[in-house]
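What follows is a set of notes on a single structure, which appears directly below.
Nothing in this text is a laboratory measurement; each read-out follows from the coordinates by a stated rule. A quick note: this is a predicted structure, and the numbers were derived from the prediction, not measured. Note that we place each Cβ from the backbone using ideal geometry, even for glycine, and neighbour counts take in every protein chain shown.
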Amino acid sequence: MRRRSTSVVRESVRLLQRVGEYAAACVPFACVAMALFVARDVAASPMPPAAENLRLEDAPDDAGGVLVVFWKTPDPAASAGVVIERSLTAAERAKNANELWIEVERLGRDAVAGVDGSYVLKGVPSDEDTRVRVSILGTDGELSEFVESAPARPEVSLFAFKRLPLLLTVIVVSLSVLVWVALARSGRPLKIRRIAALDAVDEAVGRATEMGRAVLFVPGIQDMNDIQTIAGLTILGRVAQTAAEYDARLEVPTCRSIVMTAAREQVQAAHHAAGRPETYAEGNINYITDEQFGYVAYLSGHMMREKPAACFYMGAFYAESLVLAENGNSIGAIQIAGTAEPSQLPFFVAACDYTLIGEEFFAASAYLSGERDQLGSIKGQDVGKAFAIGAILIGTALATIAALNEGGSLGMWAGSAVASMRGFFGG
Amino acid sequence: MSADRAQQSSGAPKSDTRLWIALLIFGAVGIFAGKLWRPGPLAEAYVEVVTETRVLAEVVPAPTTQGTSTDVQSAETVAPTSLEQENAPTTRVWVELDDPRFKSGELRRVEGVATEVWDERAKVDPKKAREQIAALESDAEKLSAPTDPTGLTREEFEAREAARMNALKVVESTRIVASPRDSIGIWIAALLTLGIFSFLVRDNPFYKVVESILIGVSAAYWMLVAFWSTLVPDLFAKLAPDLVRATMLPGLAPSEHPGKDFLLALIPLALGMMLLWRLAPRGAWIAVWPLAVVIGTFAGMRLTASIEADFMAQIAATMKPLVAYTSSSAEGAAAGSAFDLGGTLAGILGVVGVITVLVYFFFSLEHKGVVGKTARVGVWFLMITFGAAFGFTVMGRITLLVGRFDFLFNDWLGLSP
Amino acid sequence: MKQRNEQLPPGIRGFLIRMGQIDRRWIYLAVAVAIAAPMLARLRFPEVPGRMAQATFDAIESIPPGSRVLIAYDFDPASAAELEPMANAVLHHCASKGHRIALMALWPLGKQLADDAIRDILLEYHPEKVEGVDYVQLGFKTGNEGVIKLMSTSIAEAYAADASGKPITQIPLLEGVRTIGDFQLIASISAGTPGAQQWVQYGDSAMPDAFKFVAGTTGVQSSQLLPYYPKQMEGMLIAIKGAAEYEMLVTEKYPVTRSADRLALGRERMGPQFVAHLLLIGLIVLGNVSMLAARGWKGAAR
Amino acid sequence: MLQRTIPLLILSASGLILILSYFSPITETWSEQVVSWFNILAGVAFVLGAGNLLAVNLEKISSKRPGWAYSAITLVSFGAMLVVGLSKWGAVPDAKHPDVHLAGSQDSTQAGYGWAYEYVLSPLTATMFALLAFYVASAAFRAFRAKNFEAILLLGTAFIILLVQIAAGAFLTNWIPEDSFFAFLRAESLKAIVTEVFQTAGMRAILIGIALGTAATSLRLILGIDRSALSKG
């Protein structure tokens, strides 16, 4: 029995030894096999690396409700897209208790083309926390693990800091006007150069009176939402006052109903100012049609028939500028135009006797009024131009230094300085 | 009328009139000679007529909501009347008579509502229309002959006959017809066009008629545009959404904040009423208030907008280096670059131009001495700018005239081959 | 007219002075003849493709076939005479190159023009093109530049469906298209505001570097757009001349066998341009010669 | 007070509100709101325009002033267009709601409104616009005379652009080699120089000036320095 038992033991041990030997022999094979298996698995489906540095932040300078998701894509070459999910809001959870996340967007390759990725999440509630999680989509459609962000809430900004440069510029421009108005009030002498076109206003109205013909005033074809129309109407006020004093007939056909109303107010006020409210005739200020060329057709015919001695075109003009100016020319009227529509300036310059170019047009009403306050504001405009010229000179000088000394320390400094200047002005 | 005539005769000598009449007659004779040379109908117009039929159907409530098609989803839900408040709202849609959903049981016809039938006419290019009409005629001729039964089994013959009848039905239902109302339209348009052109010779009764039509039609046109595209959707639809939905905009989506919309719409309405107060016998001064609002708001808006978009942006755009290099290699301007005379000159001229023109606009300084000389250079820049703009615009203006002549020669006179 | 009766020197000088005061209606007549005659005679002049036209052609040519292209019809019938030829040529070029085309309009009447172009150009020359796969008509959307802003963050927000009401999620061509940055090229055929300038201003931020933008514009508008070339704009077709040059480049590479006149509109309309420009040049010369003659005469008389 | 001071106060207040609103994200969209209100206001104001049109023309007809027949034509075409457009006469029904007549589309020539647009309004406005081709020629003839140096620049530039805009410019200058010093005289380059150097500079300065002028005018109005717009003497 004992022998038998020992033989059993021995046999067992030997068997074990044999197994061990086989096993030992198999290890390398197994290793290779496993390695191959793993390698195959890896080669077939490289699970894309998960997104890194996931941040969820409030979008700046907005009225709330918007968060921005930032992440880094570790391997852009192996990524085909990104899946963005957000946590459900309390209301949504109440409706559907099983879900925690909801997919908001599945972005394509562009979103992971670079290392840094971002996504704007809109419509986020501001009274509760929101989280997002992001997963990178591999080139074969495999999704990486989701990475979860810290909770965030969108905030409402009261002031858009990106508009700070604009605010500063608005303040500079406004202050330069205000300071000059104050100086004008304090009795400082104001010298404004002659503007030939404006000196001609009295002459033109005078001539119309002498000839016994009408004065035609066209306040452009835009409505009151265009500042040019408003500027044109303030000039109308001055022309109307002169016309009232000379007792010349002033006709104002308009292209918009509201402009007609405003023009009537303006002319009536001018007659009051001239001390002759009884000569104001509402019937001379009429609405024709909103259609640009319908209005022009009327004006052309009207000019040919009535032959006004003086024509004023003050406001926003488009293609009709030349039609009016040529018709006015063919009836031999004195024509004074003013517009801030750059594309139409050439035609007025070519075909009218006098043209107020761009800024001159806006300065005209102030100039014509002759009031000290208003003349002061023109001086303020000049300060604004000086500011512009200064900025251009400094910026150009810096840019030139940067170009001349490229790579040098001075050039680098100048380059960054001009870049921040351009950034300030929004270029 | 007599006053008009008096003005005319004083405006130009008699011999001139005769000359222009002769020229007009010459032109008309020329055109009709051209017409003889290229004969064909004048003012041809064709339309393709499609008859549309719609019936009112009710969506049969389905067990699952996901099976509904998009058409049904986009249709509005008819609000239940007060009597059937508790019942679920029924969705009713107008569909084509042969909508497949009738067969599948998704839709059910609503009884007692008349079928709506109407024609839709789409304009077709005359040349194409003539070709198509000819093609359709020859197709119809071919299809009108019955199939030759020799060598066919009964089934084959019947199948072919059925296919032929179907094809014939399609050919016969395709209707491309001459459209007299469009032809008349072309004649009228041509006469109106000539009426405007006649003004170039001199002001005349023909032009006066055309001008009067233009003023009347265009004034009404813009009022209609304002009515249908602003007042209805932006004012009426906010004030009385149900009424507007029932009468003018059946597709109007329900608002999320009807109360807020209503209150906000009252503001422009109130301003408008104040403006209209002008017509009232007393208190016309109140019309100035809405004007003050308009002038104030737009002055405020344009102030920031113009400083941002024109003032600041243009200053930023002018900050460019005065010297320019031609970079011969893509990677570095420093290594392989050469001084570029042309670019440098352009850069300097650009900055000089901006500054001198700005100096021209200075109102404080009399144009004398250095300022005067600088301003004069500014004027040169302005003149070049204006000259170029003038030159560029000529092309567009001539194209417009080409367009009108094109209409007269081709659409009206049919002179195109 | 009254001055004509005063005493003028005899001979050529007198004639020249008289020509300087000629009644403007003779000028009108000359313009009418200068434009009508080449039209009736179908005069065409060879065009030399300019830098801008070539740049526009290259921009469309350089992106690989199958790219997505967005063509915005930002004009209306009033400027169609000037812009339609280039819109046609751009559409034909994109289709010939095998691009997938989306059409849209920021002007209400532009949609109608785009519809016409699909029928008369796209399906005329490329009847094999399938709606939804090779081309899609998005139609008009109100909101001016706001539409561009919206489209630069999400096209679906601006256009939930195409012009026929099909949701854009069901349109194969727009699969995976989220913003305008997903188009390889945008072409705006623009007659004013909103148009090319707004595309540059509001769309630029959404456009990656690889993105191309080209524009077709009216002559009036071109000077305001020039500063954007070549940085923000790959190419620009200016007025009917740009259209004629570009048309020539396109039809040279991709000739068409039928209805060829639809792709020769630009060149056909350049015929009257040519004569009219010469007339204007002649008028300017005449005016100046006459002025010089009058000045010399007055000088002599004094 | 009611007639003079309050409008000025309203003007200033609304202006200041709109300026400040632009700087806060919460109120940024107010300007859009204001524009939409203005459009409605303009729509309502058409009542005034239409009333004036009727008044002027009816007066002319009833007093049989010269040319009263033309006034009658204006009124008839105005009335006809208005009736046709408001009633949507001949409109194509909306496929989804064919029973609601006023929901139809009246853009095609099938409808009276579309027909009038296509065959009356559109050709008339286009032709009026096309008259510019004639006026451009007569203006060039009359105004482009070399009276002084400025005029020479104006007409010279226009002359060059006119020439290079057609093939003639290229024919005239193509003999200049592209790499020579005088290459800038080639039609292409001349055009580029004029537009990219001179025109860009000129336009920039004009735009800066206009921006300042707009700002100053707005300020004058908002601050009540220029009260001509609203105050009666």
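Overview of values
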item: Net charge of neighbours whose Cβ lies under 12 Å from the Cβ of A:Thr289, counting Lys and Arg as +1 and Asp and Glu as -1; result: -2
item: Per-residue average of Cβ from other chains inside 10 Å of C:281-293; result: 4
item: Sorted largest first, extent of the stretch D:1-118 alpha carbons per principal axis (Å); result: 51, 50, 23
item: Spatial separation of Cα centroids for the stretch C:100-177 and the stretch D:69-139, in angstrom; result: 27
item: Sequence-distant lysines (8 or more away, or on other chains) whose Cα lies within less than 29 Å of B:Lys123; result: B:Lys35, B:Lys142, B:Lys169, C:Lys111, C:Lys129, C:Lys141, C:Lys166, D:Lys88, D:Lys96
item: Centroid-to-centroid separation of the stretch B:240-306 and the stretch B:43-61 [C-alpha atoms, Å]; result: 38
item: Euclidean distance of C-alpha centroids, the stretch D:1-48 and the stretch B:176-238, integer Å; result: 34
item: Reach of B:Lys260 by Cα under 20 Å, taken over lysines that are not fewer than 8 positions away in the same chain; result: B:Lys238
item: Restraint check, A:Lys122/A:Lys162; B:Lys208/D:Lys147; A:Lys385/B:Lys320, Cα-Cα greater than 27 Å; result: B:Lys208/D:Lys147
item: Chain A, Rg to Rh (Cα coordinates; Rh as Kirkwood inverse mean 1/r); result: 1.35
item: Amide H within-cut-off set for C:Leu237, under 5 Å, with H built and near neighbours excluded; result: C:Ala215, C:Gly216, C:Thr217
item: Beta bridges by DSSP in the protein assembly as shown, antiparallel share as percent, to the nearest 5; result: 55
item: Exposure proxy ranking, count of Cβ atoms within 10 Å, fewest first, for A:Cys311, C:Cys94; result: C:Cys94, A:Cys311
item: Relative pair counts by distance (%), Cα atoms of the stretch C:51-268, 10 Å bins; result: 9, 39, 40, 11, 0
item: Chain C - share of DSSP beta bridges that are antiparallel (%, nearest 5); result: 5
item: Candidates A:Ala77, A:Ala333, A:Ala263: whichever shows maximal mean-square fluctuation once chain A is modelled as a Gaussian network with Cα springs under 10 Å; result: A:Ala77
item: Equivalent ellipsoid dimensions for the stretch A:239-292 as semi-axes, Å, which come from the Cα gyration tensor, largest first; result: 22, 10, 8
item: Chain D: angle of helix D:149-164 to the longest principal axis, Cα-based, in degrees nearest 10; result: 90
item: The stretch D:134-222: mean projected area of Cα convex hull, nm²; result: 8.8
item: A:Leu143 versus A:Glu155: modelled label distance in nm, points set 7 Å from Cα along the beta carbon direction; result: 3.3
